[in-house]
Amino acid sequence: MPTVILGIESSCDDTAAAVILDGELKSSIVSSQDVHAEYGGVVPELASRDHQRLIVPVVSRALDEAGVGRADISAIGAVYGPGLAGSLLVGLSFGKALALSLDIPLIGVNHLDGHIYSVFVDGDGPQFPFLCLTVSGGHTQLAMIQPDFDHKILIKTRDDAAGEAFDKVAKLLGLGFPGGPAIDRLARNGDSSFYDFPRSRPDKRSFSFSGIKTSMLYYLNRFPEEDRAKLLDNHLADLCASFQSAVVDVLVDALDEAITETGVKEVAVTGGVSANRELAERVEQMCERHGANLYIPEPALCTDNAAMVAKVAEFKWASGITSELTLTAVPNLST
Ligand code: KG4
Ligand code: ZN
């Protein structure tokens, strides 16, 4: 009998479902909520309500596109943290109810494991152990990934995540939400030496990105309103390029150092910010210098999706790991 894994993701503002059949991704549906754009950030109450509206049609579409029925599902992987409590509860409760009604196992999935295992969705992925830089809107960490979800965190952020810094800086520059893709696009035509943003790390085990954001705020506040408008008219791309290259420098240097120190030459970059072109190019060059193999998922698998959730569930299912139906959402779950 084929193994059919349904993955469900609802940790923030994307309602997503995906089907993996015998290891192969058959469908991946992501419904991104537009309601937050006008607020410049995710509004938790609106997010959970939209998940309620979307969860049934999104799961139905994932099953339809995969050409499977509910009765064919072998196990359901659902994200139980980290994320927004109200958002997590929708996908997790739906997954539990469906598992209960079909009398099949539920597999609780850590959203961060999802990002890490996204490198296995569209290919064989790296060999264990591998170094994984996960850079998203909620998290930034560099970890050594060993088999059976035994991760060793090497560095994590002590304040803002890298994606959060992109989003906050984009807001300061009057760009939309989420800001990462807009900064990425504009930076391509900008001069990264226009302004020298800070590139430091507080210590060997931490990242910090709130200083770069504050530095942009102080820089803009130096100008009276009219001059600031002119500055943004003439140098928006330069400011984007300068900010982006500071963030990328910090991330690439940390990864470079970790490869040297550990000698591990299997490297992955995952999470929403891994869709950033400059980051991908710079990591690629650095890995080439080390003779290391680099894995970055295709853009649709970098940002939140359920294919990565189904992939984690598939690994767990293969190891006989399932969850109790009493599993609760854990908003501050760590890896
Ligand atoms: O992984 P993700 O979809 O959600 C979280 O788990 O947080 O990441 C979303 C983050 C946002 O902060 C967004 O601005 C950022 O990823 N992002 C990017 C790019 N595409 C998405 N940041 C920089 N460059 C991009 N191309
Ligand atoms: Zn994410």
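The values are calculated or read from the model by the stated rules, or taken from the named source; none is laboratory data. Source: prediction; values computed, not measured. Reconstructed Cβ throughout: ideal geometry from the backbone, glycine too, with neighbour counts over all protein chains shown. With ligands, DNA and RNA removed, areas are computed over all heavy atoms of the protein, side chains included. Shrake-Rupley method; radii C 1.70, N 1.55, O 1.52, S 1.80 Å.
Does at least one position in segment 12-26 carry a residue that is touching a Phe, Trp or Tyr at 6+ places or on another chain (Cβ under 8 Å), surrounded by fewer than 18 Cβ atoms within 10 Å (Cβ to Cβ) and not assigned by TED's automatic domain parsing to the domain that holds G163?
no
Within segment 95-105, does at least one residue satisfy the condition of being within 16 Å of ligand 2 (Cβ to nearest atom) and modelled with pLDDT of 95 or more?
So far as segment 95-105 goes, no, none of its residues is within 16 Å of ligand 2 (Cβ to nearest atom) and modelled with pLDDT of 95 or more.
Restricting to segment 304-318, name every residue that is open to solvent by less than 20 Å² (accessible area, probe 1.4 Å), aliphatic (A, V, I, L, M) and over 14 Å from the mean Cα position of the chain (by Cα).
Within segment 304-318, A310, V312, A313 qualify.
Restricting to segment 285-303, and then to whatever is open to solvent by 30 Å² or more (accessible area, probe 1.4 Å) and within 12 Å of ligand 1 (Cβ to nearest atom), can you tell me which residue is nearest to Y80 (Cα to Cα)?
So, considering only residues that are open to solvent by 30 Å² or more (accessible area, probe 1.4 Å) and within 12 Å of ligand 1 (Cβ to nearest atom), the one nearest to Y80 (Cα to Cα) is T303.
Cβ-Cβ distance below 8 Å, separation of 6 or more or different chains: which pairs start in segment 149-168 with a residue that is without any contact (Cβ under 8 Å) to a residue 40 or more places away in the chain and end on one that is surrounded by fewer than 17 Cβ atoms within 10 Å (Cβ to Cβ)?
K152/Q146
Examine segment 35-48 for a residue that is within 16 Å of ligand 1 (Cβ to nearest atom), open to solvent by less than 20 Å² (accessible area, probe 1.4 Å), at pLDDT below 95 and in a helix (DSSP H, G or I), and state whether such a residue exists.
Yes, there is a match, as at least one residue in segment 35-48 is within 16 Å of ligand 1 (Cβ to nearest atom), open to solvent by less than 20 Å² (accessible area, probe 1.4 Å), at pLDDT below 95 and in a helix (DSSP H, G or I).
What are the pairs, 6+ residues apart or on separate chains, where a residue within segment 40-68 that is under 25 Å from K26 (Cβ atoms) has its Cβ under 6 Å from a residue that is assigned to a helix (DSSP H, G or I)?
The qualifying pairs are H51/S87; H51/V90; I55/V90; I55/F94.
Please enumerate the residues belonging to segment 231-256 that are free of Cβ contacts under 8 Å to residues at least 12 places away in the same chain and either of a type in the set (S, T, Y) or crowded, with 16+ Cβ neighbours inside 10 Å (or both).
L231
Can you name the residue in segment 265-284 that is of a type in the set (D, E) and open to solvent by 30 Å² or more (accessible area, probe 1.4 Å) and, of all such residues, is farthest from ligand 1 (Cβ to nearest atom)?
E284
What do you reckon, is G163 within 18 Å of the chain's Cα centre (by Cα) and within 16 Å of ligand 2 (Cβ to nearest atom)?
Yes: the conditions hold for G163.
Those residues that are within 12 Å of A16 (Cβ to Cβ) and not in a helix (DSSP H, G or I), I need them from segment 54-82; list them, please.
Of everything in segment 54-82, those that are within 12 Å of A16 (Cβ to Cβ) and not in a helix (DSSP H, G or I) turn out to be G77, A78, V79.
For segment 184-203, what are the residues that are open to solvent by 90 Å² or more (accessible area, probe 1.4 Å) and either β-branched (V, I, T) or at pLDDT below 95 (or both)?
Hits for segment 184-203: nothing passes.
Quick check on this structure: which one of I259, I321 is open to solvent by less than 20 Å² (accessible area, probe 1.4 Å) and either away from ligand 1 (no atom under 15 Å from the Cβ) or more than 20 Å from the chain's Cα centre (by Cα) (or both)?
Within the list I259, I321, the selection yields I259.
Which one of these is within 15 Å of ligand 2 (Cβ to nearest atom), assigned to a helix (DSSP H, G or I) and out of contact with any Cys (no Cβ under 6 Å at 6 or more places or on another chain): L301, L333, L251?
It is L301.
Could you check segment 109-148 and list, in sequence order, the residues that are away from ligand 2 (no atom under 16 Å from the Cβ), of a type outside the set (A, V, I, L, M) and either farther than 26 Å from T262 by Cβ or open to solvent by less than 10 Å² (accessible area, probe 1.4 Å) (or both)?
P126, F130
Just to be sure, is L92 within 29 Å of M1 (Cα to Cα), touching a Phe, Trp or Tyr at 6+ places or on another chain (Cβ under 7 Å) and within 16 Å of ligand 2 (Cβ to nearest atom)?
Answer is yes for this residue.
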